[in-house]
Amino acid sequence: MSAVEIHCDVAIVGSGPGGYVAALRCAQAGLDTVIIDRGPWGGTCLNVGCIPSKAIIHAAERFAGAANADELSHLGIAGSTPTIDFAATSAWKDGIVARLTGGVDQLLRSAGATQLRGTATIVDGKTIQVDTAEGITTVVTRNLVIATGSEPVEIPHLPFGGFGGAVLSSTTVLALTELPRTLVVVGAGYIGLELGTAFRKLGVQVTVVEMADSILPHYDRVLTAPVSKRLAAIGMTVLLDTTASGYDHAARQLTVTAADGASSAIEADRVLVTVGRRPLSTGFGIDSLELTMNGSAIAIDDRCRTSMTGVFAIGDVTGEPMLAHRATAQGELVAEVLAGTLRRWDKQVIPEVCFTDPEIVSVGYSPDQAEADGIDTVVGTFQFAANGRAMSLDRTDGLARVVARSDNHLVLGVQVVGAAVSELAAGLALAIEMGATLEDLTETVHPHPTLSEAIAEAALQAAGHPLHGPKARSIRRPIPD
Ligand code: FAD
């Protein structure tokens, strides 16, 4: 028996956007709440994920804009070449992280949640031992919430930190204070492309190696084509159907193998491996619980309950989509369930945003997904090439696409690819959550000149009344019962 023992209503392991929000809401509801994390408050998202990556992306964008004045000559802009002090960039990014994680600490404190810093080992569904700097604290709880998040997947022959630290994960690449001359990104998912693009814009020679036959394999070609074009335009090399087979540290070369078996070597001072993330659902005693699993994720129901009474799970540890805002929504939900409400997970959509260049927003069904589910749809698209705001931003690449049921025009999905379209995501999710039809979109007055007008134009096309563009495509299939 340890010296310190705490009794509580709810203990939450993990303080990412899932865990800390659950703790806040539980404490606000008057539950005796303990939150445990071995790292700084805020989890992956605030410390080594969403926030620092977007800060570096922004700095890179500003630097590239200033550095490539020759590309702005058609706007009448010319200027001298700027330099980058990446240690200062990194310090600016760290300042943002510190402000946000300090804010989480403060919020938890003022809500009255007990904060324990240390590694948690789950003894059973009611008991957790926490290895704190002051010794072991035992937490005895009525309810346990597992919010341990996820971890980056390693490639066995390219271990993180291997080859004298040359092999980087998304965590360690964000901790760099010096820019490498050459960087190879293995894996063209959103994390690899976001970070690779940023480093390219900071002047690094970047090659992306992807074993699939397209970048962002999760998205269809209509959405990825503008991104591919831009990657080429900024001088990034993308090798598709190619695997990373080995690294020669002395020569600073990564060997890659193409689909036809041909091998070649690419210069790589550093190798960033971004081949996916896996739920952190093993170790720390989690395995000793009688939990039903869904692959490597903890299976949950629509109230975030696991197969064990009194044990809940939220966020990345429960599997895809591994996104911060899903974790947060689950955190709020689980707190309400623990506080005694009858809330259930009833979201229609979880918006997805790629902060690539251009950005991609996807909310709800794509045409392919609707077709696969046998839903008869109408689809409208509108190119930013015909949008006044896109022209005035000097970024006419990309498009908006609206997918709706053909029988009643219920909007099932909207995808947008374009510069700075991420801010459109919430409004699109709202439309679908509220059951908007194409007519709701088209009859809403969209402000001019904005990128959002492309969505209204795409909806008009889908409804068969294009205003400024060609006729919409219509897919006719029987609607399932
Ligand atoms: P996490 O944020 O992973 O937090 C889990 C916490 O649990 C950690 O702090 C960890 O220390 C703690 N923990 C684990 N085990 C123990 C233990 N045994 N004892 C004590 N503490 C423990 N998502 C988006 O929605 N938008 C983005 O733009 C985005 N960008 C990303 C960029 C990068 C580079 C990365 C890596 C991820 C990004 N994500 C993004 C994903 C997002 O970060 C995750 O979906 C989100 O953080 C998941 O939240 P969570 O609460 O489930 O877990």
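Coordinate-derived values only; no laboratory data. All of these numbers come straight from a predicted model, not from anything done at the bench. So basically every Cβ, Gly included, is an ideal-geometry build from the backbone, and we count neighbours across all protein chains shown.
Structural remarks
- Of the residues R99, R38, the single one that is among the basic types (K, R), farther than 20 Å from S422 by Cβ and in contact (Cβ under 8 Å) with a residue 12 or more places away in the chain is R38.
- Residue identified as under 21 Å from A327 (Cβ atoms) and either among the acidic types (D, E) or more than 9 Å from the ligand (Cβ to nearest atom) (or both) among L24, L46: L24
- Residue list for segment 114-146, filter: of a type in the set (V, I, T), in contact (Cβ under 8 Å) with a residue 40 or more places away in the chain and more than 9 Å from the ligand (Cβ to nearest atom): T114, V123, I136, T137, T138, V139, V140, T141, V145
- Of all the criteria given as (1) surrounded by 18 or more Cβ atoms within 10 Å (Cβ to Cβ); (2) touching a helix residue (DSSP H, G or I) at 6+ places or on another chain (Cβ under 7 Å); (3) in a helix (DSSP H, G or I), the one not satisfied by S90 is (2).
- Selection status of E352, within 15 Å of the ligand (Cβ to nearest atom) and either of a type in the set (D, E, K, R) or loosely packed, with under 15 Cβ neighbours inside 10 Å (or both): yes
- Hits in segment 246-255 (condition: surrounded by 14 or more Cβ atoms within 10 Å (Cβ to Cβ), in a strand (DSSP E or B) and in contact (Cβ under 8 Å) with a residue 60 or more places away in the chain): Y247, L254
- Positions within segment 329-374 being over 13 Å from the mean Cα position of the chain (by Cα) and among the aromatic types (F, W, Y), in sequence order: W345, Y365
- Within segment 147-200, the set of residues being in a helix (DSSP H, G or I), among the small types (G, A, S) and either within 15 Å of the ligand (Cβ to nearest atom) or touching a Pro at 6+ places or on another chain (Cβ under 8 Å) (or both) comprises S170, G192, G196, A198.
- Residue tally, condition acidic (D, E) and out of contact with any Asp or Glu (no Cβ under 8 Å at 6 or more places or on another chain), over segment 25-78: 3
- The residues of segment 147-161 that are of a type outside the set (V, I, T) and touching a residue at least 12 places away in the same chain (Cβ under 8 Å), listed by number, are A147, G149, S150, E151, P152, E154, H157, L158, F160.
- Counting the residues of segment 93-116 that are part of a helix (DSSP H, G or I) and among the hydroxyl-bearing types (S, T, Y) gives 2.
- Odd one out for R343 among (1) within 28 Å of D32 (Cα to Cα); (2) in contact (Cβ under 8 Å) with a residue 40 or more places away in the chain; (3) within 16 Å of the ligand (Cβ to nearest atom): (3)
Rundown of residues vs (1) surrounded by fewer than 18 Cβ atoms within 10 Å (Cβ to Cβ); (2) closer than 30 Å to V227 by Cα; (3) more than 27 Å from the chain's Cα centre (by Cα), yes/no style:
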{"position": "D124", "(1), (2), (3)": "yes, no, yes"}
{"position": "I136", "(1), (2), (3)": "yes, no, yes"}
{"position": "L144", "(1), (2), (3)": "no, no, no"}
{"position": "T148", "(1), (2), (3)": "no, no, no"}
{"position": "P156", "(1), (2), (3)": "yes, yes, no"}
{"position": "A175", "(1), (2), (3)": "yes, yes, no"}
{"position": "V185", "(1), (2), (3)": "no, yes, no"}
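- Residue ID - farthest from the chain's Cα centre (by Cα), chosen from residues in segment 299-328 that are more than 11 Å from the ligand (Cβ to nearest atom) and of a type in the set (A, V, I, L, M): M308
- You will find that of A420, A400, the residue that is small (G, A, S) and at positive phi is A420 and no other.
- Residue list for segment 281-312, filter: in a strand (DSSP E or B) and charged (D, E, K, R): R305
- When the criteria are applied in full, V34 meets the requirement of being more than 8 Å from the ligand (Cβ to nearest atom), among the aliphatic types (A, V, I, L, M) and touching a Cys at 6+ places or on another chain (Cβ under 7 Å).
- Residue match in segment 270-281 (condition: more than 25 Å from L342 (Cβ to Cβ), more than 14 Å from the ligand (Cβ to nearest atom) and surrounded by 15 or more Cβ atoms within 10 Å (Cβ to Cβ)): yes
- Among the residues of segment 299-314, the ones that are closer than 16 Å to D346 by Cα and buried (at least 16 other Cβ atoms within 10 Å of the Cβ) come to 5 in all.
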